[in-house]
Amino acid sequence: MQEEQQIKIADDLAEQGFSILPQFLSVEEVEELLEVFEVHREHHRFKQAGIGMKNAYQLNEDIRRDRIKWIEPEHALEPTKRFLAKVGDIRMLLNHTLYLGIKDFEAHFAIYPPGGFYKRHLDQLRHNDHRRISFVCYMNIGWQNGDGGELRLYLKNDNGVETNFDVEPVGGKLVLFRSDVIEHEVLPAKKERYSITGWMLDQPKELTFL
């Protein structure tokens, strides 16, 4: 990651709570990861996504309609390992510049079918507040304006006035935002939408489910 990208991420998160890198991944890197998506799909590893954790976990298609496959780093294919390494670099950057105390991160592959969406929500869970920074990286080559599936961030200024900021899910783009502050949603997609979504945690990920 280039130094100017590092500076941008740190400054953006400190000043506005989110940051966007339009070309975090090259076209070649996106294509390799799309092949990984297909491997997992051929082996029927994608499952309907739910909401909540442990006893509160439930499937509710009125709230979200996407299919996910959690990433297991120890079993990941090479393109996924390279992606995780790049996210790891960001983790170290944020600890060095913003002193966030991030100890780990978790992520999953996500596929939104045509008509898929995820209603407005906050990523930091009510009974589990270890998510500090959310990130989404898009794998949609040839995405056009009007294809839907935008990430809508709900932002508030110093006076509490709320505005919307929409991010088109263009392939290679990375979005990071504060998990505890920024509510967001995924608008309905008009064709299949691919992404890797994850969270940077202030404790090892195996402890977040205890």
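Since every read-out is calculated from the coordinates, none of them should be taken as a lab result. Every value quoted in this text rests on a predicted model; they were computed, and no experiment measured them. Because the Cβ atoms are built from the backbone with ideal geometry, glycine has one as well, and the counts that use them run over all protein chains shown.
A few remarks follow.
- Segment PHE165-THR97, extension gain: residue separation times 0.36 nm, minus the distance between their alpha carbons: 21.9 nm
- Bins of 5 Å from zero: percent of alpha-carbon pairs in the chain: 1, 7, 15, 20, 21, 19, 12, 4, 1, 0, 0
- Karplus-based coupling profile of segment 191-203, in residue order and whole Hz: 8, 4, 10, 10, 7, 10, 10, x, 9, 8, 10, 8, 8, with θ = phi - 60° in 6.51 cos²θ - 1.76 cosθ + 1.60 and x standing for Gly or Pro.
- For segment 174-185, 3J(HN,Hα) computed residue by residue from phi via the Karplus equation (6.51, -1.76, 1.60; θ = phi - 60°) reads 10, 10, 10, 7, 5, 5, 8, 10, 9, 6, 7, 8 Hz, glycine and proline entered as x.
- GLU74/ASP129 FRET efficiency (R0 22 Å; Cβ-Cβ; nearest 0.05): 0.25
- Site pair ILE63 and ARG82 shows an inter-label distance of 3.7 nm when each label is modelled 7 Å from Cα along Cα→Cβ.
- Cα-centred dipole magnitude for segment 3-207, charges only on beta-carbon of K, R (+1) and D, E (-1), debye, nearest 20: 680 debye
- Placing unit charges on the Cβ atoms of the charged side chains and taking the dipole of the chain about its Cα centre, the candidate lying farthest along the positive direction among LEU98, PHE46, ILE9 is PHE46.
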